[in-house]
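Taking it in order: structure first as structure tokens, then the write-up.
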Amino acid sequence: MFTAAWIASPQLPAEGFTPNWSREGFWRQSVRQVVRLTAGGERVRVRFSNVYGTSPVRIAAGSVARGGAVAPLTFGGAAVGEMPARGELVSDAVQLAVAAGESVAVTLYFDTATGPATFHAQAFATSHRGPGCLLDGEGFTESSESWYFLSAVETDSGRTDGIVLFGDSITDGFGSTPGADRRWSDALARRTGRPVLNAGIGGNLLLNDSAWYGERGVHRLGRDVLRLAGVDTLVVLLGLNDIGFSETDEQPTYKPAPVVEAGEIVAGYRELIRQARGLTVIGATLLPFGGSDHWGERAAKVSHEVNEWVRCSGEFDKIVDLNRVMADPDDPDRLHPSYDFGDHLHPDDEGYEVMAEAVADLL
């Protein structure tokens, strides 16, 4: 049975706050993207998303590689594949032995213009682009910290104990060391030995869509989480941007930002719980964010009310109190200084390890 070993949540092509190639797309170019798997196996297959594309996208050639072992990708037995408009394409399974914790490189060659590319904005890993067909891994001339068209790598692990982390930039890994796989999803995979899949999108909201920050959480859960094979646990850490964007003038996609009450966030959580019936759903309290650009008197009040509901309602199957775990003991509304990336909103590598440990203790 093929199960997800790595995923990235698709986003609408946008320039946003991360320079990328999504709007220009690709033409007579190759793209090489390296991802770290959290489940091993003897065979691999790859999923590609064109969910935001308005026309088909042709993959003229592709490969997946681990170390010196390179396997060509095929699609229904053919070397060429086509992603349908607003759809996805799944490669055939290829023989390539991989272990949990190993990285694979997926290389694609586009011989015709793709148009704007469905992508994942903040990869915190480096992708490469170069002219012509570069399946041999040489000749790349440009780099980007986004993923393009690539939405999942699956292995024949047969695992059924996968964990999905569903959230915003904190889940996506903002504040972790780029290229080092130090997100809290990486840390949780190392601690548990289980497949851990990262369904975070920087800036994402629970209740509202955004041109930069993805579809609202209550809409994208089905596509990004519930259709994944081999998953039995969902961790929800989402809602901080819904609360905090109204406190800052620096969000160009929200002027003015929607102002939400705690009851609206709670209703969103209840909808996620309803949709995820059959999974173990772990609710996480929102991290402290005092002193950040998301903080203010109103944001403080709403976040406290939301966190108290998560702790006391009993509606999640389990809860992890990340707010208390990550707080400064001398000022509980702020992140512990040892865990603060520097913006008083996002953890650093050490903070992400602490978050992973707190969840691992529940499993």
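Scanning the stretch 163-186 for residues that are in contact with a Phe, Trp or Tyr (Cβ under 8 Å, 6 or more places away or on another chain), more than 18 Å from SER103 (Cα to Cα) and surrounded by fewer than 21 Cβ atoms within 10 Å (Cβ to Cβ) returns a single hit, PHE174. SER303 meets all of the listed conditions (1) without any contact (Cβ under 8 Å) to a residue 12 or more places away in the chain; (2) crowded, with 22+ Cβ neighbours inside 10 Å but one, namely (1).
Which one of these is at pLDDT 95 or above, under 15 Å from the mean Cα position of the chain (by Cα) and crowded, with 17+ Cβ neighbours inside 10 Å: PHE140, PHE124? Testing whether each residue is at pLDDT 95 or above, under 15 Å from the mean Cα position of the chain (by Cα) and crowded, with 17+ Cβ neighbours inside 10 Å leaves just PHE124. For the condition surrounded by 14 or more Cβ atoms within 10 Å (Cβ to Cβ) and free of Cβ contacts under 8 Å to residues at least 24 places away in the same chain, PHE75 qualifies. The single residue among ALA113, ALA117 that is assigned to a loop (DSSP other than H, G, I, E, B), over 20 Å from the mean Cα position of the chain (by Cα), more than 22 Å from THR38 (Cβ to Cβ) and touching a residue at least 24 places away in the same chain (Cβ under 8 Å) turns out to be ALA113. Only residues that are surrounded by fewer than 16 Cβ atoms within 10 Å (Cβ to Cβ), at pLDDT 95 or above, hydrophobic (A, V, I, L, M, F, W, C) and over 17 Å from the mean Cα position of the chain (by Cα) were counted across the stretch 223-276, and they come to 1. Screening LEU221, LEU228 for residues that are out of contact with any Cys (no Cβ under 9 Å at 6 or more places or on another chain) and either among the acidic types (Asp, Glu) or in contact (Cβ under 8 Å) with a residue 60 or more places away in the chain (or both) leaves exactly one candidate, LEU228. Checked against the criterion of being outside the structural domain of ALA187 (by TED's automatic domain parsing), among the β-branched types (Val, Ile, Thr), over 17 Å from GLU154 (Cβ atoms) and within 23 Å of the chain's Cα centre (by Cα), the candidates VAL80, VAL106, VAL51 yield just one match: VAL51.
Being buried (at least 22 other Cβ atoms within 10 Å of the Cβ), in contact with a strand residue (DSSP E or B) (Cβ under 7 Å, 6 or more places away or on another chain) and either within 20 Å of PRO13 (Cα to Cα) or not small (Gly, Ala, Ser) (or both) is the filter here, so list the residues in the stretch 187-204 that pass it.
Taking the stretch 187-204 and keeping what is buried (at least 22 other Cβ atoms within 10 Å of the Cβ), we get 187-189, 195-204.
The next check asks that each one be in contact with a strand residue (DSSP E or B) (Cβ under 7 Å, 6 or more places away or on another chain); those that pass are 188-189, 195-201, 203-204.
Once the filter is applied, which keeps residues that are buried (at least 22 other Cβ atoms within 10 Å of the Cβ), in contact with a strand residue (DSSP E or B) (Cβ under 7 Å, 6 or more places away or on another chain) and either within 20 Å of PRO13 (Cα to Cα) or not small (Gly, Ala, Ser) (or both), the stretch 187-204 yields LEU188, PRO195, VAL196, LEU197, ASN198, ALA199, GLY200, ILE201, GLY203, ASN204.
To keep it simple, each residue is scored yes or no on (1) over 17 Å from VAL153 (Cα atoms); (2) in contact (Cβ under 8 Å) with a residue 40 or more places away in the chain; (3) of a type outside the set (Asp, Glu).
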| site | (1), (2), (3) |
| --- | --- |
| PRO13 | yes, yes, yes |
| ASN20 | yes, yes, yes |
| GLY25 | yes, yes, yes |
| GLY40 | no, yes, yes |
| SER63 | no, yes, yes |
| ALA71 | no, no, yes |
| ALA85 | yes, no, yes |
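Name every residue in the stretch 18-48 that is among the aromatic types (Phe, Trp, Tyr) and either in the same structural domain as GLY167 (by TED's automatic domain parsing) or over 23 Å from GLY130 (Cα atoms) (or both), in order of residue number. Before the answer, list the steps.
Start the filter on the stretch 18-48 by keeping residues that are among the aromatic types (Phe, Trp, Tyr), which leaves 21, 26-27, 48.
Residues satisfying the conditions do not exist here.
Please indicate, with yes or no, whether at least one residue in the stretch 277-292 is surrounded by fewer than 14 Cβ atoms within 10 Å (Cβ to Cβ), more than 23 Å from LEU207 (Cβ to Cβ) and assigned by TED's automatic domain parsing to the domain that holds LEU188.
Yes.
The values are calculated or read from the model by the stated rules, or taken from the named source; none is laboratory data. Just so it is clear, the structure is predicted and the values come from calculations on it, not from any experiment. When we count neighbours, we look across all protein chains shown, and the Cβ atoms used for this are built from the backbone with ideal geometry, even at glycine.
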